[in-house]
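A short worksheet on the structure shown next.
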Amino acid sequence: MIPTLTWTPEGVRFLDQTKLPLEESYVLATTYEQVADVIVTMVVRGAPAIGVSAAYGVALGAKQTKAKTAEQFAPEFERICARLAATRPTAVNLFWAIDRMKALFAGLLAAGASLGQIQEKLLAEANAMYEEDIAACKAMGAFGAEFMPDDGGVLTHCNAGALASCGYGMALGVIRAAVERGKKIMVYADETRPFLQGSRLTAWELMADHIPTTVICDNMAASLMRQGRIQAVVVGADRIAANGDTANKIGTYNVAILAREHGIPFYVAAPWSSIDLATSTGDQIPIEERPAKEVTHHAGKQVTPDGVGIFNPAFDVTPAKYIAAIITERGVLRAPYAESLEVMDVRSRRLGFLEGQGDVGPEFFERLPEKVI
Ligand code: MRU
């Protein structure tokens with residue numbers, strides 16, 4: 001399995017995604033500040049991966065405290081959470097993870113837990129999130145594999161794979177599961193300018209699994225679709241609003257429109273931690289803007305004239321109307337998404353799915369009565 005992030009007794013070990021595909025090296029973050037830096041610099045990236053990284057960052061912050069009691073630690077805990085929350089604004093998984101750590105901390109504090117117990121429980125919670133994320137990816141794969149062609153081309157944009165999660169991946173998890181079931185798929189990976197998650201990361205991890213992969217430049221997708229070489233599109237998500245509008249890597253919206261024009265189904269695969277029912281539509285999703293240098297420079301070389309204006313939004317929003325289905329670990333959602341997301345949310349609660357209460361795991365997914373709503 002690709003070791004995207006790993007808890008060790010010394011801290012959190014990250015596979016340095018800025019160095020791939022040429023170099024497989026690791027960064028060890030021994031403080032929560034270093035975890036925050038690793039998220040900002042995109043040594044680790046991808047919505048579920050940064051959520052779990054932040055949870056480990058909180059656990060690390062608790063471990064390194066000089067406070068003597070839980071009460072003394074409380075204001076420091078708030079600062080740790082605030083620092084980690086200030087790293088990247090779009091992927092809701094980051095805030096979901098931090099909120100979950102905050103809820104646990106508040107409960108433990110109210111129950112009179114000692115600092116030692118709190119440190120232990122915060123780490124256990126981060127570990128649980130890590131395991132749940134892998135289980136969720138596997139469940140998405142199981143639900144989504146049937147939507148992949150038996151023999152054909154699948155286009156993906158950016159990297160919603162093992163490198164963007166704790167393992168197996170979302171969009172790439174669906175593809176992996178389809179291949180494991182014997183489907184013959186050629187993956188077309190958009191290179192994903194400017195950070196090149198597609199050509200550097202998606203291609204790297206699929207090649208490691210011997211899944212046939214072809215990298216194309218972002219402006220080639222329409223032509224391939226017209227030639228009949230793409231039978232489905234599957235992408236990940238950084239945040240899905242209550243109406244199904246989906247923020248994902250910049251350029252995803254283009255692909256969705258192209259897919260609609262060519263009659264190709266466009267699927268989103270994302271864990272429930274990417275769903276933000278408190279945000280009503282995509283217009284309310286904050287879109288991160290990244291440094292101009294990512295656009296002005298390519299492979300270390302300047303490729304634009306000095307002084308030219310640069311706009312570098314990291315994400316765009318695909319309106320729900322372009323999405324054929326949202327594949328989650330709880331099941332496959334169909335339009336109208338405002339309804340199906342709400343129904344799935346209520347159904348999950350009825351089944352006793354309480355995040356952070358220790359009852360989440362693969363067995364939860366097996367208890368779901370229906371897989372498609
Ligand atoms: O900027 P990144 O690399 O953190 O962007 C996130 C992504 O990898 C994509 O948008 C992805 O498709 C969704 S995250 C699984």
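The values are calculated or read from the model by the stated rules, or taken from the named source; none is laboratory data. Predicted model only: the values in this text are computed from it and were never measured. Don't worry about glycine lacking a Cβ; one is built from the backbone with ideal geometry, like all the others, and counts go over all protein chains shown. Keep in mind that these areas ignore ligands, DNA and RNA; they rest on the heavy atoms of the full protein, side chains included. Shrake-Rupley method; radii C 1.70, N 1.55, O 1.52, S 1.80 Å.
Quick look at the values:
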read-out	value
Number of positions in the range 226-259 that are more than 10 Å from the ligand (Cβ to nearest atom) and among the acidic types (Asp, Glu)	1
Residue in the range 138-156 that is surrounded by fewer than 24 Cβ atoms within 10 Å (Cβ to Cβ), within 16 Å of the ligand (Cβ to nearest atom) and among the charged types (D, E, K, R) present	yes
Subset of the range 269-296 that is aliphatic (A, V, I, L, M) and without any contact (Cβ under 8 Å) to a residue 60 or more places away in the chain - its residue that is farthest from Asn248 (Cα to Cα)	Ala292
Count of the range 71-93 residues which are within 19 Å of Ser273 (Cβ to Cβ) and either in contact with a Leu (Cβ under 9 Å, 6 or more places away or on another chain) or free of Cβ contacts under 8 Å to residues at least 12 places away in the same chain (or both)	4
Helices (runs of 4 or more DSSP H) lying entirely in the range 27-95 (those with 2 or more residues that are open to solvent by 10 Å² or more (accessible area, probe 1.4 Å) and under 26 Å from Tyr168 (Cα atoms))	32-40
Lone qualifier among Leu104, Leu108, Leu115 - being outside the structural domain of Ala171 (by TED's automatic domain parsing), touching a Phe, Trp or Tyr at 6+ places or on another chain (Cβ under 8 Å) and not small (Gly, Ala, Ser)	Leu115
Qualifying residue in the range 174-196 (condition: in the same structural domain as Ala292 (by TED's automatic domain parsing), within 12 Å of the ligand (Cβ to nearest atom) and polar (S, T, N, Q))	yes
Hits in the range 13-26 (condition: open to solvent by 10 Å² or more (accessible area, probe 1.4 Å) and in contact (Cβ under 8 Å) with a residue 60 or more places away in the chain)	Pro21
Residues of the range 218-247 that turn out to be open to solvent by less than 10 Å² (accessible area, probe 1.4 Å) and in a strand (DSSP E or B), as a count	8
Identity of the residue in the range 315-333, part of a loop (DSSP other than H, G, I, E, B) and at pLDDT below 95, that ends up surrounded by the fewest Cβ atoms within 10 Å (Cβ to Cβ)	Arg330
Pair list, Cβ < 7 Å and 6+ apart or interchain, from the range 94-115 residues that are free of Cβ contacts under 8 Å to residues at least 24 places away in the same chain to residues that are polar (S, T, N, Q) and open to solvent by 50 Å² or more (accessible area, probe 1.4 Å)	none
Hits in the range 260-314 (condition: more than 16 Å from the ligand (Cβ to nearest atom), at pLDDT 95 or above and assigned to a strand (DSSP E or B))	His297, Lys301, Gln302
